[in-house]
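Right, one structure below, let's go through it.
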Amino acid sequence: MYGKATETAFAAVSRLAEVYDGGKTRLSAKQIAESRGLQRPFLGKILSALAQAGLIEGTRGPGGGFALIHHPREITLYDVFRLFEREDNSDRCPFGGGICGSDDNCPLHDRMANVRKATDKLLQETTFDVFRLAYRKNAGKADWRLADKADPSK
């Protein structure tokens, strides 16, 4: 569905969303990498791209680090996704190569199109605030997965 750059960017932005407090708390690239199991050199490139896009800011020196520029509820998954993935708005068959005819689609064409629409909707409607809220709900533990386990309604 998406590549390593997008995956790394989602991980970094979600971690910054967890600790968001208006920019007071800043995390170093090392802290982000360790908390998400990311490779630091590659993460550095991703953080640079996120900063150039105006999603995060970084400061050097003591007390420096990275923080979100906007509240996590203002940043969608799509905002990050579009930085690292090429959009394909065509109606081409996901199997390519002319498998679908001009009148008849292959047996999976419509199902795959529906998956793509659902994914697009998820990316455009979901904000990184879900990570901030889960982190807070889980008493500040970085492992947000525990928040879902603690709530039997999910």
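The values are calculated or read from the model by the stated rules, or taken from the named source; none is laboratory data. Fair warning: this is a prediction, and the values are worked out from it, not measured in the lab. Don't worry about glycine lacking a Cβ; one is built from the backbone with ideal geometry, like all the others, and counts go over all protein chains shown. For the accessible areas, the whole protein counts, side chains as well, though only heavy atoms, and no ligand, DNA or RNA atoms are used. Shrake-Rupley method; radii C 1.70, N 1.55, O 1.52, S 1.80 Å.
Here are some notes:
- Over 26 Å between alpha carbons, listed pairs LYS24/LYS45; LYS45/LYS117; LYS117/LYS137; LYS30/LYS121; LYS4/LYS121: LYS45/LYS117; LYS117/LYS137; LYS30/LYS121
- The loop-placed trypsin sites (Lys or Arg not before Pro) in the stretch 19-88, going by DSSP, that have at most 13 neighbouring Cβ atoms within 10 Å of their Cβ come out as LYS24, ARG60, ARG86.
- Other-chain or far-sequence residues with amide H under 5 Å of CYS106's (modelled H): CYS100, GLY101
- FRET efficiency, 1/(1 + (r/R0)^6) with R0 30 Å, evaluated for ASN114 and ARG73 via beta carbons: 0.60
- Under-5 Å amide H pairs with SER28, H placed in peptide plane, nonlocal only: PHE66
- When the solvent-accessible area of the stretch 10-92 is split by element, carbon and sulfur atoms take up 45 percent of it, the probe being 1.4 Å.
- With kT/(6 pi eta Rh) evaluated at 4 °C and eta = 1.567 mPa s, and Rh the Kirkwood radius from Cα pairs, the stretch 11-51 diffuses with a coefficient of 126 µm²/s according to Stokes-Einstein.
- Cα gyration tensor of the stretch 14-84 - equivalent ellipsoid semi-axes, whole Å, descending: 17, 15, 11
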